[in-house]
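Here is the structure we will look at, set down as structure tokens.
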Amino acid sequence: MRIEAFLEESPLFEIYRVSRKLETQLRQLLSPCDISFFEALLLVSILFEEPRAVKPSQLADTFSTGRGNISNCISTLEARGLLKRRIDPEDGRSIQLQLKTPGRKCAMQAVRVLDQMQKLFEKKIGAPQLRSALAAVREVELLCEAASNHM
């Protein structure tokens, strides 16, 4: 197709293509817990903050996503028995999230998978090259943001 020449040079398309493929591959790696990459990140972030409680608004800020997206993910994880919500004892208007035992096991499994992936990347690509690639992706993000503000 004629668009292929453009796509081969497009960082936007490549980031989009890779993100879709990685989501599929990560779901396979996380299949013992039957969770998505984003669900794994939420569980891991709660695990890393223990014993301190985590609020959904903190997760939304940390992952640069909307509260609705976080709320849907929490509902899914709660329905699967991986975490529970409780009312914040210091502020009755907000909730806190806590891992249940199966959620803690899934979070630990996710930590192992993500750690193994990071080690593989560093071994095969090299830590300096990874940092450089991340910087380039972040620069593309900033340029897209600037362009969207000026169009």
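The values are calculated or read from the model by the stated rules, or taken from the named source; none is laboratory data. Please read all numbers here as calculations on a predicted model, not as lab measurements. For neighbour counting, all protein chains shown are included, and Cβ atoms are generated from backbone atoms with ideal geometry for every residue, glycine included.
Looking across segment 43-86, just one residue is at pLDDT 95 or above, loosely packed, with under 13 Cβ neighbours inside 10 Å and in a loop (DSSP other than H, G, I, E, B), and that is 81. So, of the residues in segment 6-36 that are more than 15 Å from the chain's Cα centre (by Cα) and among the small types (Gly, Ala, Ser), which turns out to be farthest from residue 141 (Cα to Cα)? Once the filter is applied, the top-ranked residue is 31.
Going through (1) in contact (Cβ under 8 Å) with a residue 24 or more places away in the chain; (2) closer than 21 Å to residue 29 by Cβ one by one, residue 74 falls short only on (2). Name the one entry in 35, 46, 3 that is farther than 25 Å from residue 107 by Cβ, hydrophobic (A, V, I, L, M, F, W, C) and out of contact with any Gly (no Cβ under 6 Å at 6 or more places or on another chain). 3 is the lone residue from the list that is farther than 25 Å from residue 107 by Cβ, hydrophobic (A, V, I, L, M, F, W, C) and out of contact with any Gly (no Cβ under 6 Å at 6 or more places or on another chain). Checking each residue in segment 17-42 for being under 15 Å from residue 112 (Cα atoms), of a type in the set (S, T, N, Q) and assigned to a helix (DSSP H, G or I) picks out only 28. What residue, among those in segment 87-102 that are among the polar types (S, T, N, Q) and not in a helix (DSSP H, G or I), is nearest to residue 115 (Cα to Cα)? Only one residue tops the list, namely 98. Mind checking which residues of segment 98-136 are β-branched (Val, Ile, Thr), surrounded by 11 or more Cβ atoms within 10 Å (Cβ to Cβ) and either farther than 13 Å from residue 29 by Cβ or in contact with a Phe, Trp or Tyr (Cβ under 7 Å, 6 or more places away or on another chain) (or both)? Passing the criteria: only 125. Would you say residue 111 is within 29 Å of residue 49 (Cβ to Cβ), at pLDDT below 95 and within 18 Å of the chain's Cα centre (by Cα)? Answer is no for this residue.
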